[in-house]
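Novice: Here it is, the structure, as structure tokens.
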Amino acid sequence: MLEIAIDRDQPAAEFYADLTASAVALVDGEPDAIANMANIAALIWQYMPDLNWAGFYRRIDDELVLGPFQGKTACIRIAIGAGVCGTAAATGEVQRVADVHAFPGHIACDAESRSELVVPVVRQGKLIGVLDLDSPLPDRFQPADESGMVKLIGAIADNLG
Ligand code: SME
């Protein structure tokens, strides 16, 4: 098994460079999308502080369907356009939400969630799902988290679908 050790206390750019390198190494040569999503959710959960949920929803027909994740049990199906995840899927744009209570239609899977980052997963021009990160802290996700996660997902998207 791959040995991974990432310093959580280093500056964001270095942290995300290390996290992305580990993510790339984890999915390298493995075509099974579910296995890869499971390991990436676990990697993020282990190394990113202050999360209460980290995982994937997969686009299946016109819905998002719960995929591999870490955290409490969650909503299984989300309509494209609904909530934070559905908005990311409908627009293809990252949703970085400082206060989920202020987001119209936010779906509260866990009442403890206060802020959220959702990154569309696009493979060969097609949206295949979203990465969803939730935090119990308000305004947990900063621009550096958004850009770091976008690069990470972009580096491994071919192995997620
Ligand atoms: N809060 C999300 C739903 C997914 S759960 O948080 C895991 C949303 O509004 O899309």
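Novice: Ignoring ligands, DNA and RNA, what percent of the 1.4 Å accessible area of the chain is carbon and sulfur?
Specialist: 51
Novice: So, one more: Averaging the inverse of every distinct alpha carbon separation and then flipping it gives the Kirkwood radius. What is it for the chain, in angstrom units?
Specialist: 15.5
Novice: With the other protein chains left in place, how much accessible area per residue, in square angstrom, belongs to segment 66-161 at a 1.4 angstrom probe?
Specialist: 45
Novice: What does the helix-only formula give at 222 nm for the chain: each DSSP H stretch with n ≥ 4 adding -39500 (n - 2.57), the total divided by the residues, and the result rounded to the nearest 500 deg cm²/dmol?
Specialist: That calculation yields -10500 deg cm²/dmol at 222 nm.
Novice: Just tell me, in residue order, which DSSP H segments of the chain are both 18 angstrom or longer along the helix axis (alpha-carbon based) and at least 1.0 in mean Kyte-Doolittle hydropathy. Present the calculation step by step, with values, prior to reporting the outcome.
Specialist: Numbers: long enough: 12-27 (22 Å, 1.24); 33-47 (21 Å, 1.03); 143-156 (20 Å, 0.60).
Helices meeting the span and hydropathy rule in the chain are 12-27, 33-47.
Novice: R0 = 30 Å: FRET efficiency of GLN10 with ALA79, Cβ-based, nearest 0.05?
Specialist: On the way: r = 39 Å, r/R0 = 1.30.
The formula returns an efficiency of 0.15 here.
Novice: Okay, moving on. Distance between Cα centroids, segment 98-161 to segment 61-82: provide it in whole Å.
Specialist: Here the answer is 12 Å between Cα centres.
Novice: Ok, one more. At PHE103 and GLU3, where each label point lies 7 Å from the Cα along Cα→Cβ, what is the point-to-point distance in nanometres?
Specialist: 3.8
The values are calculated or read from the model by the stated rules, or taken from the named source; none is laboratory data. Here the structure is a predicted model, which is why all the values come from computation and not from measurement. FYI the Cβ positions are ideal-geometry reconstructions off the backbone, even for glycines, and counts take in every protein chain you see. Just the protein is used for accessible areas: all its heavy atoms, side chains included, with ligands, DNA and RNA removed. Shrake-Rupley method; radii C 1.70, N 1.55, O 1.52, S 1.80 Å.
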